[in-house]
Amino acid sequence: MLFDNKELAEKMIRTQIKSRGIYNERICEAMKRIPRHLFISGSAKQRAYGDYPVSIGHGQTISQPYIVALMTDLLQIRETNRILEIGTGSGYQTALLAELAEEVYTIERIPELLKRAKMILNSLGYVNIYFREGDGTVGWSDEGLFHRIIVTAAAPFIPEELKNQLADNGILVIPVGDYHSYQVLKVIQRTGTRFETRESIGCRFVPLIGKYAFTDE
Ligand code: SAM
């Protein structure tokens with residue numbers, strides 16, 4: 001390794017996460033532990049701890065560290081939670097969720113990315129992650145309801161299927177908007193049959209492509 005990743009991870013937390021107001025110690029400590037550079041291949045590894053998204057191939061990206069921390073913070077994860085993640089990508093966000101919750105169910109539509117993420121996450125010793133290849137906009141209904149759902153790609157609207165797979169008092173975090181420009185991070189809280197939506201910050205994600213999202217062009 002040409003760089004000290006532990007030092008870079010600590011600096012990343014100090015200058016990108018805490019400096020922007022995220023002080024959740026469980027999140028910060030987990031992000032310090034996870035070797036982010038392992039989720040990126042080739043020369044792009046050198047950019048792993050920078051304040052931006054990085055290409056992971058197939059036209060996809062590993063999200064900016066601050067966005068990963070913010071979305072995780074908005075989820076208010078408890079140790080006993082079962083989480084559904086749509087868009088495994090590199091698997092970095094999956095690792096963070098697996099550090100904080102009991103079980104993570106993650107879906108990715110690009111087989112090569114899923115295979116690679118699975119290999120890395122298995123090699124890091126995570127045993128609480130379940131993987132599925134396919135369209136995450138339909139959810140994972142045969143696994144019952146989820147306490148938390150996170151979508152890490154830009155959706156044109158909030159898929160009803162995902163709302164329906166949210167447990168009572170569950171939280172869904174999803175970027176919604178036009179993928180050619182920018183989106184807004186939406187936080188949906190379910191209470192019984194009521195869904196309350198609030199908005200967080202503006203963001204930019206690659207498109208969510210599927211039955212209840214954008215179509216593949
Ligand atoms: N959170 C990821 C990470 O830490 O690397 C970044 C995810 S990347 C910004 C978005 C991912 O969503 C891409 O890998 C893309 O292939 C995937 N994706 C897009 N539409 C999807 C769908 N309908 N179901 C599952 N995955 C999808």
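So here's what we get for this one:
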quantity	calculated
Count of residues meeting criterion [surrounded by fewer than 19 Cβ atoms within 10 Å (Cβ to Cβ) and part of a helix (DSSP H, G or I)] in the stretch 6-27	12
Selection within the stretch 113-136 - open to solvent by 30 Å² or more (accessible area, probe 1.4 Å), farther than 17 Å from residue 208 by Cα and not in a strand (DSSP E or B)	115, 116, 118, 119, 122, 123, 124, 125, 126, 127
Pairs, first more than 12 Å from residue 63 (Cα to Cα) in the stretch 38-49, second of a type in the set (Phe, Trp, Tyr), C-beta under 9 Å, six or more apart	38/92; 45/3; 46/3
Filter result (charged (D, E, K, R) and within 18 Å of the chain's Cα centre (by Cα)) within the stretch 154-170	163
Pairs with Cβ under 7 Å, 6+ apart, first in the stretch 194-217 and over 27 Å from residue 58 (Cβ atoms) and open to solvent by 100 Å² or more (accessible area, probe 1.4 Å), second in a strand (DSSP E or B) and among the polar types (S, T, N, Q)	196/189
All positions within the stretch 56-76 that are near the ligand (Cβ under 10 Å from one of its atoms) and open to solvent by 20 Å² or more (accessible area, probe 1.4 Å)	56, 57, 58, 59, 60, 61, 63, 64
Some residue of the stretch 137-145 being among the small types (Gly, Ala, Ser), under 17 Å from residue 188 (Cβ atoms), in contact with a strand residue (DSSP E or B) (Cβ under 7 Å, 6 or more places away or on another chain) and within 12 Å of the ligand (Cβ to nearest atom)	yes
Candidate set from the stretch 28-54 (those that are among the aromatic types (Phe, Trp, Tyr) and part of a loop (DSSP other than H, G, I, E, B)); member that is nearest to the chain's Cα centre (by Cα)	52
Flag if residue 93 is touching a residue at least 40 places away in the same chain (Cβ under 8 Å), within 16 Å of the ligand (Cβ to nearest atom) and either closer than 22 Å to residue 208 by Cβ or surrounded by fewer than 18 Cβ atoms within 10 Å (Cβ to Cβ) (or both)	yes
Leading residue by the ranking (nearest to the ligand (Cβ to nearest atom)) among those in the stretch 201-217 that are part of a strand (DSSP E or B) and within 23 Å of residue 72 (Cβ to Cβ)	207
The stretch 153-168, subset part of a loop (DSSP other than H, G, I, E, B) and in contact with a strand residue (DSSP E or B) (Cβ under 7 Å, 6 or more places away or on another chain), residue most open to solvent (accessible area, probe 1.4 Å)	157
Search result, residues across the stretch 103-120 that are over 19 Å from residue 172 (Cβ atoms) and away from the ligand (no atom under 11 Å from the Cβ)	115, 118, 119
The stretch 169-193 - residue that is among the small types (Gly, Ala, Ser) and assigned to a strand (DSSP E or B) and, of those, surrounded by the fewest Cβ atoms within 10 Å (Cβ to Cβ)	177
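The values are calculated or read from the model by the stated rules, or taken from the named source; none is laboratory data. Quantities reported herein were computed from a predicted structural model and do not represent experimental measurements. Note that each Cβ is placed from the backbone with ideal geometry, even for glycine, and that neighbours are counted across all protein chains shown. Ligands, DNA and RNA are stripped out before the accessible areas are found, and what is left, the full protein with its side chains, is counted by its heavy atoms. Shrake-Rupley method; radii C 1.70, N 1.55, O 1.52, S 1.80 Å.
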